[in-house]
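Read the structure below first, then the notes.
Only the coordinates and a few stated rules stand behind these numbers; no lab work does. Bear in mind that the values here come from a model prediction, so they are computed numbers and not experimental data. Here Cβ is always computed from backbone atoms with ideal geometry, including for glycine, and neighbour counts include all displayed protein chains.
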Amino acid sequence: MAAKIIFQAPPPRASAHEIALSAANVINPINQRLEELRLRLRETQPVKVGSVTLGLYACGRGCLTCPHLKWSI
C-alpha cells in the first residue's frame, strides 16, 4: 500500500523560505516514489519497440519541482 502524502499548509505569515521548505517536504516523497516507479517499469518491461519508459530530468539547481517527467513509448 502506498504511503499517503499529506500537505500541511505553512503558517499564514510564513516567509518565502518557509513556504519553499514546506513545498519541498511534500515534493520530495513524491519524487522518491516516481523514481521507484521508473525503476520498476524498467525492470518489468522488455527492451523493445513499444516499451513504455519514464524519464526523470533535472533542469538545474534551484528548481523545486525537479525531476521533470517525460513518458516515452
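A few points about this structure:
- Rounded to 10°, Cα long-axis angle of helix 16-44 versus longest principal axis of the chain: 10
- Extension gain, Glu35 to Thr65: 0.36 nm times the residue separation minus the Cα-Cα distance gives 9.4 nm.
- Both radii are taken from the alpha-carbon atoms of the chain; with Rh as the Kirkwood radius, Rg/Rh is 1.10.
- Full-stretch length increase - Leu21, Arg42 - with 0.36 nm per residue and alpha-carbon distance subtracted: 4.4 nm
- What the phi angles of segment 53-63 give under the Karplus curve with 6.51, -1.76 and 1.60, with θ = phi - 60°, is a coupling list of 10, 10, x, 10, 10, 9, 8, x, 5, x, 8 Hz, glycine and proline written as x.
- The charge dipole of segment 16-72, taken about its Cα centre with unit charges on the Cβ atoms of Lys, Arg (+1), Asp and Glu (-1) only, comes to about 260 debye.
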